[in-house]
Amino acid sequence: MTPPRKQFAAAILLSLSSLVSLAQTPQPAQPQAPKPPLTVPFTPKRTLVLIDPAHGGPDTGAHLPNDLLEKDITLAFNNRLRALLSANNFAVISTRTSDPAAAFTTDQRAEIANHDHPAVCLILHATSSGSGIHLFTSTLTPPAHPTRILHWNTAQAASVPDSRLIANQIGVSLLQAKLPVILEQASVPPLDNLICPAIAIELAPLANGSATPTPVSDPSYQQRAAQAIVAALAQWRTETTATPDGAAQ
């Protein structure tokens, strides 16, 4: 399958908001046991999308203007994406559908995704920097030869080509919706721990010329972005299932 080719604006280095760290052990100085290797390949459920609204509970994420919290923006955007994906015959799983009392780690989020075998994972963030939608894929280098064993911190490597392909399609769809896009690469958890194609999607305010930028909390802005993302995923699904090895499930 040939991805659409389109030049994006020069990438601006951005940092995703810090995710919650792993819980302290009774002996903090004692190193944690390494994660066991993952065995691949696995058969992805081609109609299943997993959404991870970053942060939640005591982990508020970034503090945005007007007393907004990143955890609330990501959850609201999750809800819009879920509704549109369901309407387009996707099955959807979210790592959270409300604000939990306790935070759970990025490792736990990755374990949910790897267990459910989605076709693609979308990790949602929000920022007050830049403008439009920022799309991030992993910086890992795809392996030169296929392997059945993946290490936890480099599990995404084999899926990087598909991740970049889908991110490119989402970027084109957003541009067609007249939403500015920056396509970047970043190695932040849980991107590198996922064995399916994975993209981090970060909402930034929408510049309006000389007017006040549209905030990330704006329902119309979120809906436009969600519609473009879902349209790109629907196209990707159609193209993928048209290939001999991409039969829909």
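The values are calculated or read from the model by the stated rules, or taken from the named source; none is laboratory data. Just so we're clear, the structure is a prediction, and the values are computed from it rather than from any experiment. Note that each Cβ is placed from the backbone with ideal geometry, even for glycine, and that neighbours are counted across all protein chains shown. Accessible surface areas use protein heavy atoms only, side chains included; no ligands, DNA or RNA. Shrake-Rupley method; radii C 1.70, N 1.55, O 1.52, S 1.80 Å.
Candidates in segment 133-170 are the residues that are small (Gly, Ala, Ser) and crowded, with 23+ Cβ neighbours inside 10 Å; of these, the one that is nearest to Ser187 (Cα to Cα) is Ser138. Remark: pairs (first residue in segment 90-109, in a loop (DSSP other than H, G, I, E, B); second residue open to solvent by 20 Å² or more (accessible area, probe 1.4 Å) and polar (S, T, N, Q); Cβ separation under 7 Å; 6+ apart in sequence or on different chains) = Phe90/Thr47.
Which of the residues that make up segment 131-171 are part of a helix (DSSP H, G or I), out of contact with any helix residue (DSSP H, G or I) (no Cβ under 7 Å at 6 or more places or on another chain) and closer than 24 Å to Val216 by Cβ? Of everything in segment 131-171, those that are part of a helix (DSSP H, G or I), out of contact with any helix residue (DSSP H, G or I) (no Cβ under 7 Å at 6 or more places or on another chain) and closer than 24 Å to Val216 by Cβ turn out to be Ser163, Ala167, Asn168, Gly171.
Listed residues Ala242, Ala211, Ala177; which is at pLDDT 95 or above and either surrounded by 15 or more Cβ atoms within 10 Å (Cβ to Cβ) or more than 16 Å from the chain's Cα centre (by Cα) (or both)? Every option except Ala177 fails the conditions.
I'd like the full set of residues that are polar (S, T, N, Q) and within 23 Å of Arg224 (Cβ to Cβ), limited to segment 106-139. Spell out how you get there, then give the answer.
Quick first cut of segment 106-139, residues polar (S, T, N, Q) only: 106, 108, 114, 127-129, 131, 137-139.
Selection gives Thr127, Ser128, Ser129, Ser131, Thr137.
The residues listed here are Ala83, Ala87, Ala103; of these, the one that is open to solvent by 10 Å² or more (accessible area, probe 1.4 Å) and in contact with an Asp or Glu (Cβ under 6 Å, 6 or more places away or on another chain) is Ala103.
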